[in-house]
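Participant: Have a look at the structure that comes next, please.
The values are calculated or read from the model by the stated rules, or taken from the named source; none is laboratory data. Only a predicted model underlies this, so the values are computations on that prediction, with no experimental measurement involved. Ideal geometry is used to build each Cβ from the backbone, glycine not excepted, and the neighbour counts take in all protein chains shown. The protein model used for the area step is the full one, side chains on, heavy atoms only, and it has no ligands, DNA or RNA in it. Shrake-Rupley method; radii C 1.70, N 1.55, O 1.52, S 1.80 Å.
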Amino acid sequence: MTIFRPVAFLPVIAALGLAAAPLTASAEGHHAPGGGQHPPGGPHGGPGHMMPPIPPGITLTAAQQAKLKTIFEKAHQDEHALRLEGHVIEGKIHDALDAVGDLDRATLADLGKQEDSIKAKVSALHLETMEQLHDLLTPAQRQQAKETMDKIKALHEQMKALMGPPPEGEPDDMP
């Protein structure tokens with residue numbers, strides 16, 4: 001059994017922290033006149049919020065910010081609808097498993113296929129959204145984004161190498 005130790009997550013937290021603050025600023029329009037709107041899903045990136053994968057230092061034009069907002073609002077609505085559909089299927093699966101008599105394995109298999117289909121649609125939606133974000137950026141912005149992400153990845157790897165793997169053992173064995 002592994003234990004969640006804050007030290008094991010420092011590289012991830014640091015990388016996200018490096019990316020998140022400027023991302024929020026870019027998405028909210030702090031780099032362009034007339035901005036200041038919160039990204040879809042709430043201003044603080046709460047549950048259900050898709051943080052734009054635009055690294056620090058990328059300045060979006062007002063038109064790009066408007067398009068970004070549109071992309072994320074549509075993606076959020078589409079994903080929300082798919083997740084609601086998935087919850088209905090999960091409910092049906094639980095109801096079928098709670099049956100007092102014999103299990104209807106054919107129904108469960110069908111529900112499992114429906115659940116897999118929903119998951120595939122969510123994955124396809126995520127890919128479609130990433131493609132739209134790619135197309136939103138200019139070639140120069142894409143190059144700058146790649147260079148920044150390469151630097152963040154290198155920093156993450158350095159931190160990982162310095163900190164080493166998380167300790168193994170049972171939680172009771174930990175100091």
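Participant: On the given criteria, is LYS153 within 30 Å of HIS76 (Cα to Cα) and not hydroxyl-bearing (Ser, Thr, Tyr)?
Facilitator: yes
Participant: Need the failing condition index for THR59 against (1) modelled with pLDDT of 95 or more; (2) open to solvent by 30 Å² or more (accessible area, probe 1.4 Å); (3) under 23 Å from GLN132 (Cα atoms), just the number.
Facilitator: (1)
Participant: Here's a follow-up. Scan region 147-165 and report the pairs whose first residue is in contact (Cβ under 8 Å) with a residue 40 or more places away in the chain and whose second residue is open to solvent by 70 Å² or more (accessible area, probe 1.4 Å) and not in a loop (DSSP other than H, G, I, E, B), with Cβ atoms within less than 6 Å and a gap of 6+ or a chain change.
Facilitator: ILE152/LEU18
Participant: Moving on to the next point. Is at least one residue of region 120-142 in a helix (DSSP H, G or I), among the aliphatic types (A, V, I, L, M) and over 20 Å from the mean Cα position of the chain (by Cα)?
Facilitator: Yes, that holds for at least one residue.
Participant: Being closer than 19 Å to MET130 by Cα, open to solvent by 80 Å² or more (accessible area, probe 1.4 Å) and hydrophobic (A, V, I, L, M, F, W, C) is the filter here; which residues of region 142-167 pass it?
Facilitator: Correct list: MET149 only.
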